[in-house]
């Protein structure tokens with residue numbers, strides 16, 4: 001299938017990109033990796049008159065790990081995140097999410113910004129980023145603002161991004177000491193697979209008594225948006241890690257999930273997988289705390 005006709009723009013700076021976005025308005029789409037956009041254009045689901053490519057803006061392609069934080073430009077490729085030693089050591093759930101996104105070819109094209117802005121329920125980046133309390137930097141010609149990722153995705157394909165805004169960066173603070181995290185994705189195949197269910201988990205322990213002082217569990221593909229399990233967090237806080245505790249947290253997460261029946265799996269199966277994947281992710285996170 002051929003792409004519909006469009007006018008191509010390639011701004012050199014974020015400021016120039018924001019100006020173009022503001023001027024072209026609803027007639028344009030932002031192009032980064034293009035792994036979702038081009039598919040939708042070929043399917044005639046989208047037919048923008050203009051494409052504004054931001055893929056070669058240097059500042060958007062930088063990954064900076066310094067001063068205990070991580071700044072990921074919106075055009076950083078999934079492959080770069082997967083191969084980063086800084087990400088792997090401090091943000092292992094994010095490393096696992098990037099490593100399991102699509103195939104090697106897709107990871108070399110797909111960007112973190114595109115994965116977030118597409119707002120697909122099964123996307124790999126939102127759950128691990130949400131367990132680290134990620135914030136997004138949104139820029140326009142009028143300035144910039146910061147939005148928590150938990151408030152960014154409103155519904156499938158719908159986000160808090162305004163028509164004149166560009167997602168510029170993702171900001172993460174390094175988890176507290178004695179923390180561990182993990183991400184697990186369930187699909188029918190090992191590669192090029194859309195998640196049936198995905199779960200990210202983070203645990204923080206008190207080193208003096210081993211009690212859980214911080215916990216987050218985020219589920220994908222079991223609701224219209226990634227879901228933060230408040231019930232699982234409540235089940236974990238103040239308790240000592242154990243297989244029984246992680247199983248109880250899995251039950252709590254399953255109760256918070258909102259899966260539907262579709263051609264890939266039943267809601268009942270997805271809920272059961274939330275239960276099991278949460279247990280496994282928490283066990284893996286705990287194992288990483290113990291190895292510190």
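General remarks:
- Exactly one residue out of 279, 271 is in contact with a helix residue (DSSP H, G or I) (Cβ under 7 Å, 6 or more places away or on another chain), over 19 Å from residue 224 (Cβ atoms) and surrounded by 14 or more Cβ atoms within 10 Å (Cβ to Cβ), and it is 279.
- Any chance residue 139 is closer than 21 Å to residue 186 by Cα, touching a residue at least 12 places away in the same chain (Cβ under 8 Å) and either crowded, with 21+ Cβ neighbours inside 10 Å or not assigned by TED's automatic domain parsing to the domain that holds residue 225 (or both): no
- The set of residues in segment 193-222 that are outside any strand (DSSP E or B) and over 12 Å from residue 123 (Cα atoms) comprises 206, 207, 208, 209, 210, 211.
- Boolean, residue 248 is within 22 Å of the chain's Cα centre (by Cα) and either in a helix (DSSP H, G or I) or over 24 Å from residue 88 (Cβ atoms) (or both): no
- Qualifying residues in segment 25-45 (those that are within 19 Å of residue 75 (Cβ to Cβ) and in contact with a strand residue (DSSP E or B) (Cβ under 7 Å, 6 or more places away or on another chain)) - the one surrounded by the most Cβ atoms within 10 Å (Cβ to Cβ): 32
The values are calculated or read from the model by the stated rules, or taken from the named source; none is laboratory data. The shown structure was predicted, so the numbers you read here are calculated from the model rather than taken from an experiment. With ideal geometry, Cβ positions are generated from the backbone for all residues, glycine too; neighbour counts draw on all protein chains shown.
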